[in-house]
Amino acid sequence: MWGRLFESAVGAHIMNCAYTGRFKVYYWREGGEEVDFVLVKNTKIVAVEVKSNHDKDTSGLHTFQELYHPHRAILVGEGGIAIETFLASNLKELFS
């Protein structure tokens, strides 16, 4: 349950910022690999993976990076940016 709430909070923040920042939000999955959120503005892509527990498997994020060469790739949660920091950030700045 905690993982779903954690990812939902991140998703709500992303969707709120997408409206004001004028970027689109997608989900990527290919085979068994996935990225939770893919943000697109003009030609820039930002990949966001969310980890709410000690699961360190970021293979989907790495595969996405190899295939699409995003402007940025971000891990939110364990091993990455703290959720408090992410939720306080202006996501438009990710495209700078």
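The values are calculated or read from the model by the stated rules, or taken from the named source; none is laboratory data. Being a predicted model, the structure only gives us computed values, none of them experimental. Quick reminder, even Gly has a Cβ in these numbers, built from the backbone with ideal geometry, and neighbours come from all protein chains shown. Just the protein is used for accessible areas: all its heavy atoms, side chains included, with ligands, DNA and RNA removed. Shrake-Rupley method; radii C 1.70, N 1.55, O 1.52, S 1.80 Å.
Summed over the range 17-50, residues that are open to solvent by less than 100 Å² (accessible area, probe 1.4 Å) and more than 10 Å from the chain's Cα centre (by Cα) total 15. Exactly one residue out of V35, V25 is in contact with a Ser or Thr (Cβ under 9 Å, 6 or more places away or on another chain) and under 16 Å from S8 (Cα atoms), and it is V35. Here V10 meets the list (1) open to solvent by 40 Å² or more (accessible area, probe 1.4 Å); (2) assigned to a helix (DSSP H, G or I) almost entirely, failing just condition (1).
So, in the range 51-80, of the ones that are of a type in the set (V, I, T) and out of contact with any Leu (no Cβ under 7 Å at 6 or more places or on another chain), which residue ends up surrounded by the most Cβ atoms within 10 Å (Cβ to Cβ)? Filtering first and then ranking leaves V76. Taking every residue in the range 47-72 that is free of Cβ contacts under 8 Å to residues at least 60 places away in the same chain and pairing it with any residue that is of a type in the set (S, T, Y) and surrounded by 11 or more Cβ atoms within 10 Å (Cβ to Cβ), at least 6 positions away or on another chain, the pairs with Cβ-Cβ distances below 9 Å are A47/Y68; E49/T58; K51/T58.
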